[in-house]
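I have placed the structure first, in the form of structure tokens, so that the comments after it can refer back to it.
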Amino acid sequence: MTTQVFRAKTLLEARQQAVQTLGQGAVILTTREVKRSGIGGVFGGMDFEVAAAVLGPTDHTPARVSQRPFTPGAYAAAPERAKPTIGEREILASLRAEVHGEMRAMKLALARNATPTADLAGELLAIREMLDQMTPPSRADKLARLVAARGIEGSAATAVLRAMRAMPEGAAIDRLRAALLGLVEIAPWPLALKGRILIAAVGPTGVGKTTTIAKLATRAKLDKKTVTLVTCDTFRVGGVEQIKRYASLLDVRHEVARDAKGLASVIASSDSDVILVDTSGRPFRADSAEGLLAPERFASLDGASALSRHVLLCMPASVRWVDAVRTTKLFTAAKPVALAVTKTDETDAPSGLVHAALASKLPVSILCTGPRVPEDIEAATSGAVAERVLSCGSKEGKTR
């Protein structure tokens, strides 16, 4: 066993360096704070230093924590395993004790600060989730194994299990269904809202915002509504041309908003029943067109008083818990009101429906079920969300 030392400004960064260098099998052996020298003895600070190693076959390697990638059959129930050896139990007990100690230190640090930093709170959350992953469900815990088999992870799994365990005794699958129905909220289909409306899609690049906007535009046309398609995606190659092509096929108005002033002008001049805005997927800036989507800025625009504002946060059905949390933080400035969960047809483990809803604390409004425009889009319902998650790994067929 060869030990390597990694140093960074935060404990989380040091751990990430260890994993990047040694791989997912890296085991943290020790952690400590070390003083940074600074310049001339001043402007120093404290760094975190971790010693890590990859245990070999003879080092009583503990069972590796599964990262549960979204691939077919990845979440089938694990086969029965032999009891851990004494060495394995000792290593796991040592690791858990260390993580518990770090969590206590983090909590004390948070208590000492009246306004804790986001970095400190983020590190505490990461350590909690690491501890959860280090403690896999026991064979006897049928509820935890059922949730894990559906790909639900992180704090979302904790919330689902808490709801299931609070229910009266009954079939585990029925308790999971009831928990999903209670935890994942549903929002109305946006095109069913009365009056003129502006619908914007925000979210990471590649999540399917443009296709979702095109589907909504086609549905609005079928409902005999007038439509203006607006693209703020002037950074992606072909982004403007793609929306322009959709607008031409639908015979609707098309506009390009390169900045906040451009989008404000479009909103002021449009008299369409539905204004659909496709955003770039870049981080929000005050001078960007997307920056106008925040409620306080939107309300001050000319013509906005006649429009209902409906910002959809788009995430794929395969999104993992940590990525759902990250996406929520990146686009919180837009103050989305509901979720559009995309690409439900591209995963056998659509646990992103749960991750996205619980990480963002937003209701699900739209399910995108394939690439066809406009067929593959539907209003979300509690039953549809629950059945998609429950069908993970089922040979009887999935609801898409």
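The values are calculated or read from the model by the stated rules, or taken from the named source; none is laboratory data. Since the model is a prediction, treat every value here as computed from it, not as a measurement. Ideal geometry is used to build each Cβ from the backbone, glycine not excepted, and the neighbour counts take in all protein chains shown.
Does G41 satisfy being out of contact with any Cys (no Cβ under 8 Å at 6 or more places or on another chain), modelled with pLDDT of 75 or more and loosely packed, with under 11 Cβ neighbours inside 10 Å?
no
In the range 329-353, which residues are part of a loop (DSSP other than H, G, I, E, B), of a type in the set (D, E, K, R) and surrounded by fewer than 22 Cβ atoms within 10 Å (Cβ to Cβ)?
The answer is K335, D348.
Filter the range 9-33 down to the residues that are assigned to a loop (DSSP other than H, G, I, E, B), at pLDDT 80 or above and among the polar types (S, T, N, Q) and list them by number.
T10
Looking for whichever is in a loop (DSSP other than H, G, I, E, B) and either at pLDDT 95 or above or among the hydroxyl-bearing types (S, T, Y) (or both) here; the options are T228, T205. Which one fits?
Selected residue: T205, the only one of T228, T205 that is in a loop (DSSP other than H, G, I, E, B) and either at pLDDT 95 or above or among the hydroxyl-bearing types (S, T, Y) (or both).
Report, by residue number, each residue of the range 245-263 that is in contact (Cβ under 8 Å) with a residue 12 or more places away in the chain, under 22 Å from R219 (Cβ atoms) and not in a loop (DSSP other than H, G, I, E, B).
Y246, A247, L250, R253, H254, E255
With respect to D376, is the statement that it is within 19 Å of I243 (Cα to Cα), touching a residue at least 12 places away in the same chain (Cβ under 8 Å) and among the acidic types (D, E) true?
So D376 passes the test.
Give just the number: which of (1) in contact with a His (Cβ under 6 Å, 6 or more places away or on another chain); (2) farther than 24 Å from T327 by Cα does I199 not satisfy?
Among (1) in contact with a His (Cβ under 6 Å, 6 or more places away or on another chain); (2) farther than 24 Å from T327 by Cα, the lone unmet condition for I199 is (2).
Suppose the filter is acidic (D, E), surrounded by fewer than 18 Cβ atoms within 10 Å (Cβ to Cβ) and touching a strand residue (DSSP E or B) at 6+ places or on another chain (Cβ under 8 Å); does D302 pass it?
Judged against the criteria, D302 is not a match.
Residues being crowded, with 23+ Cβ neighbours inside 10 Å and within 26 Å of T327 (Cα to Cα): count how many of those fall in the range 246-286.
Final tally of qualifying residues: 8.
Are there any pairs with C-beta distances below 9 angstrom linking a residue in the range 273-296 that is in the same structural domain as K194 (by TED's automatic domain parsing) and under 19 Å from G195 (Cα atoms) to a residue that is aromatic (F, W, Y) and at pLDDT below 85, with the two at least 6 apart or on different chains, and if so which?
So the pair list comes out as L293/F284.
In this structure, is T211 modelled with pLDDT under 95 and within 22 Å of L301 (Cβ to Cβ)?
no
Let me confirm something: among R309, R282, R326, which residue is out of contact with any strand residue (DSSP E or B) (no Cβ under 9 Å at 6 or more places or on another chain) and not in a helix (DSSP H, G or I)?
None of the other options fit; the residue is R282.
So, F284, is that one touching an Asp or Glu at 6+ places or on another chain (Cβ under 7 Å), farther than 26 Å from R162 by Cα and at pLDDT below 90 or not?
yes
Check T234, T228 and return the single one that is assigned by TED's automatic domain parsing to the domain that holds D259 and touching an Asp or Glu at 6+ places or on another chain (Cβ under 7 Å). Full working, then the answer.
On the way: T234 fails: touching an Asp or Glu at 6+ places or on another chain (Cβ under 7 Å).
That would be T228, the only listed residue that is assigned by TED's automatic domain parsing to the domain that holds D259 and touching an Asp or Glu at 6+ places or on another chain (Cβ under 7 Å).
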